[in-house]
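This report refers to the structure that appears directly beneath it.
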Amino acid sequence: MKPLPPSAGDLDALAARRAQRRLDDKARRARLQAGLRVVFLVFAGLALVALVADLRNFGRRAAARPAVASGPRPGAAADILAGLDDPRYEDPRGYFSFVPPRGWIRPARPPAGFYDVVFQGPHGMDLAIQVVATNQTFNQLVDKLRQVERSLAADTHMDFAYVGPHRAVKRSVQLFRSRVLVLDFLTGDLAHHVQFSTPPELYEEYEPVFLRLMQTYSPGRLVTAGDPPAAP
C-alpha cells in the first residue's frame with residue numbers, strides 16, 4: 001500500500017515550521033552580534049582610556065622637568081653604554097631584572113603609580129617599566145595595539161624588534177615636548193611594557209642605546225600558590 005501524499009494542511013504546517021526556524025535563527029544571530037559589539041566597544045573604550053592616560057602622563061612628566069643645559073652629563077649615552085655590565089636591578093616580585101642606565105636616579109615612588117619602576121636621567125629622559133599577568137598571545141597583543149591606534153587615529157610608528165629571544169612590538173610617538181619609544185612583548189604568562197622618553201632632538205642618538213640596554217633585560221615568570229618551590 002503506497003503512503004498517502006501529504007495534505008494541503010500538512011504542507012502549510014511544514015512551511016510554517018520552516019519559516020519559524022528561520023526567524024528563530026535570525027534572532028539568535030542578531031543577539032550574538034549585539035553581544036559581540038558590546039564586548040568590542042567595552043574593550044576599545046578601556047584600551048583608549050589606558051593609552052590616553054599613558055600619553056598624558058608622559059607629557060606631564062616631561063613638562064614638569066626644568067630645562068637643562070646641553071652637553072655631556074653623567075648618565076648620558078656614553079655612560080649608559082659603558083655601564084652594561086653594572087649591577088642589575090631586580091624586580092621585587094621576580095618578574096624581571098636588567099641593568100639600569102648608569103647615572104640615572106630611581107625615585108622611591110614612581111611618578112605614575114601604575115609603573116613598577118622608573119629611572120630618570122639627564123635632559124629630562126626617563127625609563128618606565130610595567131609588567132602584568134596576561135593570557136594573551138602575541139598576535140592578540142598586536143591586534144589590540146592596532147585597534148587602539150585606529151580608534152585614536154594616532155600617528156604611531158609600529159615596527160618589530162627583539163628583546164633577547166623575545167619578539168617585541170616597537171612603537172614610537174611624538175608628544176609635545178618628548179618622543180617616546182615603547183617596547184611591548186610577552187614571556188609566558190607576563191606582558192612587559194617598557195617605555196623610554198627623550199627630548200625629540202635626542203631620540204635618534206638614544207634609540208640604539210636603549211635597544212642595546214634592553215639586551216640586558218631578563219624576564220621572570222608569574223609564580224602562583226600551586227607552583228613548586230625553586231630548587232636550592
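The values are calculated or read from the model by the stated rules, or taken from the named source; none is laboratory data. Keep in mind that this is a model prediction, so the values were computed, not measured. For neighbour counting, all protein chains shown are included, and Cβ atoms are generated from backbone atoms with ideal geometry for every residue, glycine included.
Out of Leu181, Leu141, one residue alone is free of Cβ contacts under 8 Å to residues at least 40 places away in the same chain, surrounded by 17 or more Cβ atoms within 10 Å (Cβ to Cβ) and at negative phi. It is Leu181. Scanning region 185-197 for residues being more than 12 Å from Ala128 (Cα to Cα) and assigned to a strand (DSSP E or B) gives a total of 5. All told, Arg150 falls short of being at pLDDT below 95 and either polar (S, T, N, Q) or surrounded by 13 or more Cβ atoms within 10 Å (Cβ to Cβ) (or both). Among the residues of region 81-102, the ones that are surrounded by 13 or more Cβ atoms within 10 Å (Cβ to Cβ), within 16 Å of Val118 (Cα to Cα) and not hydroxyl-bearing (Ser, Thr, Tyr) come to 9 in all.
More than 21 Å from Val163 (Cβ to Cβ), in a helix (DSSP H, G or I) and at pLDDT below 75: does that describe Arg73? Criteria not met by Arg73.
Scan region 76-94 residue by residue and report those that are part of a loop (DSSP other than H, G, I, E, B), out of contact with any strand residue (DSSP E or B) (no Cβ under 7 Å at 6 or more places or on another chain) and either in contact (Cβ under 8 Å) with a residue 40 or more places away in the chain or not charged (D, E, K, R) (or both). Listed by number, the residues that qualify are Ala76, Gly83, Leu84, Pro87, Pro92, Arg93, Gly94. Just one of (1) under 12 Å from the mean Cα position of the chain (by Cα); (2) surrounded by fewer than 19 Cβ atoms within 10 Å (Cβ to Cβ); (3) in contact (Cβ under 8 Å) with a residue 24 or more places away in the chain fails for Val131. It is (2). Here Met125 meets each of (1) surrounded by fewer than 16 Cβ atoms within 10 Å (Cβ to Cβ); (2) farther than 19 Å from His192 by Cα with one exception, condition (1).
Kindly provide the set of residues from region 196-211 that are surrounded by fewer than 19 Cβ atoms within 10 Å (Cβ to Cβ) and either polar (S, T, N, Q) or under 20 Å from the mean Cα position of the chain (by Cα) (or both), ordered by number. If the condition is that a residue be surrounded by fewer than 19 Cβ atoms within 10 Å (Cβ to Cβ) and either polar (S, T, N, Q) or under 20 Å from the mean Cα position of the chain (by Cα) (or both), then Glu207, Leu211 are the ones that fit.
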